[in-house]
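This report refers to the structure that appears directly beneath it.
The values are calculated or read from the model by the stated rules, or taken from the named source; none is laboratory data. Here the structure is a predicted model, which is why all the values come from computation and not from measurement. A quick note on method: Cβ atoms are made from the backbone with ideal geometry, for glycine too, and the neighbour counts reach across all protein chains shown.
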Amino acid sequence: MSTADLALLAVVVVLGGVVVALAVRVAGLGRVVHRLEHDRPVGAGDVAGLRADIAQALRHVAVVRYDAFGDMGGRLSFSAAVIDDAGDGLVLSSIHARGESRTYAKGIVGGASDTTLTPEEQQALAVARTGSKKA
């Protein structure tokens, strides 16, 4: 396995860990909201606060895989968008070439970035925001 393959694998493993951790956190918050709503009487402020916390969780995720270069196959490059309900979060991209792999991160605020997004990054962001693969 080449160094570039190992670097790409490391990025995918880290991203997978982040997604799993976020999913576990969101599931935990969902259970807390359910318990508060059904097991004891609570004020609307308690539930509203929990719903606000859930809205800020980075829980909308989309990954777009592609071939960054014409002479490469296997769709080893990817762009992943991870955002909250307000469209705040980040886009991670890993560009795989024959001899190297480069990784980039771009901040997202309100569904937009102050840095120009590639078409693949825009696609990942659109899918994360809408939940539709046809974005």
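The selection criterion, being of a type in the set (D, E, K, R), under 23 Å from the mean Cα position of the chain (by Cα) and modelled with pLDDT under 70, does not hold for Asp53. The sole residue among Val61, Val33, Val14, Val20 that is under 20 Å from the mean Cα position of the chain (by Cα) and surrounded by 14 or more Cβ atoms within 10 Å (Cβ to Cβ) is Val61. For the range 56-96, residues that are aromatic (Phe, Trp, Tyr) and modelled with pLDDT under 90 total 1.
So for the range 79-91 (the condition being of a type outside the set (A, V, I, L, M), in contact with a strand residue (DSSP E or B) (Cβ under 6 Å, 6 or more places away or on another chain), crowded, with 18+ Cβ neighbours inside 10 Å and within 16 Å of Val12 (Cβ to Cβ)), does at least one residue qualify? The answer is yes; a qualifying residue exists. The strands (runs of 3 or more DSSP E) located wholly in the range 36-133 that include 1 or more residues which are over 25 Å from Arg25 (Cα atoms) and polar (S, T, N, Q) occupy 77-83, 89-96, 101-108. Of Asp67, Asp46, all but one fail to be in contact with a helix residue (DSSP H, G or I) (Cβ under 7 Å, 6 or more places away or on another chain) and free of Cβ contacts under 8 Å to residues at least 24 places away in the same chain; the exception is Asp46. The sole residue among Arg40, Arg102, Arg31 that is more than 26 Å from Ser132 (Cβ to Cβ) and modelled with pLDDT of 90 or more is Arg102. Once the range 112-125 is narrowed to residues that are surrounded by 15 or more Cβ atoms within 10 Å (Cβ to Cβ) and either without any contact (Cβ under 8 Å) to a residue 40 or more places away in the chain or polar (S, T, N, Q) (or both), the residue that is nearest to Phe69 (Cα to Cα) is Thr118.
Flag: Arg59 matches the condition of being touching a residue at least 24 places away in the same chain (Cβ under 8 Å) and of a type in the set (Lys, Arg).
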